[in-house]
Amino acid sequence: MALTDMTLSSTSAGGWLRPNAKHASYFDRSKLRAIIGWWRAHSNRAKRGGVTGLGGRAVRQAKKRRSGGKHRPWPLSQRPGYLIRRLHQIHVALFQEACSAFEVTPLQYSLLSALAVRKTADQTTLAADIALDRTTTTGALKRLAVRGLVERAVNKDDRRARLCRLTPAGAALLVKIEGPAREAHRATLGDLSVREQTLFVEMMQRIVAGNPSRDNATALFD
């Protein structure tokens, strides 16, 4: 059938071409109705899909391919959290190797060091110093007190609180452990150059300084 004599009708469905009246005899009206029905259905499907025009199907297929893509693996060796946990494990192992003779954990060493600076401090203050919760800090202080390394006296102003200080034995042990403990810290970064070690410590300090309120989270271990 000749389409050259067809005119565009703005009122027809979807802007379909309607034959000029004088050439209507050229068309099979039943076929024309079928074509117009197909166009209406196609136009409605495109609108329901949020896309108009003939490119709607291609766009929907592209979205389907993107959403149906496989999960991209993220190796543990590239995750900061995993690496930080492994680094902590490595440091604790090195500390135990260097300081096993003193029977002091890294946490207890931190408490002894904090008390050496403050002279006297309550348990809440010490917990903030070493960035641990008060319950864990109190438990470590009790164990140090049992060994006679720390004294825990009742606070006269608040009898629920305890004021802590190093005993002479605690101060003496801290002097002896200082060298091996520092060696463990140096060994933790031993695979880095001196310049890299300085830069790494500075970057860790920036991360810590940028998260001042995230220091009391309970560790989640199975």
ask   = Using a 1.4 angstrom probe with every protein chain in place, what is the largest-first accessible-area order of HIS91, HIS71, HIS185?
value = HIS71, HIS185, HIS91
note = Of all C-alpha pairs within the range 109-222, those more than 24 angstrom apart amount in percent to 40
query = Considering amide H positions built from the backbone, and no H for Pro or chain starts, which residues 5 or more places from ASP122, or on another chain, come under 5 Å of its amide H?
reply = CYS164
query = For the range 92-174, what percent of Cα pairs sit more than 15 Å apart?
reply = 54
remark   = Hull volume per residue for the range 105-148, using the convex hull of the C-alpha atoms, in Å³ is 64
note = The answer for the per residue Cα convex hull volume of the range 146-211, in Å³, is 147
query = How much solvent-accessible surface does VAL175 expose, in Å² to the nearest 10, with a 1.4 Å probe and all protein chains in place?
reply = 110
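The values are calculated or read from the model by the stated rules, or taken from the named source; none is laboratory data. Computed from a predicted model, the values in this text were never measured in an experiment. SASA here: full protein model, heavy atoms, side chains in, ligands and nucleic acids out. Shrake-Rupley method; radii C 1.70, N 1.55, O 1.52, S 1.80 Å.
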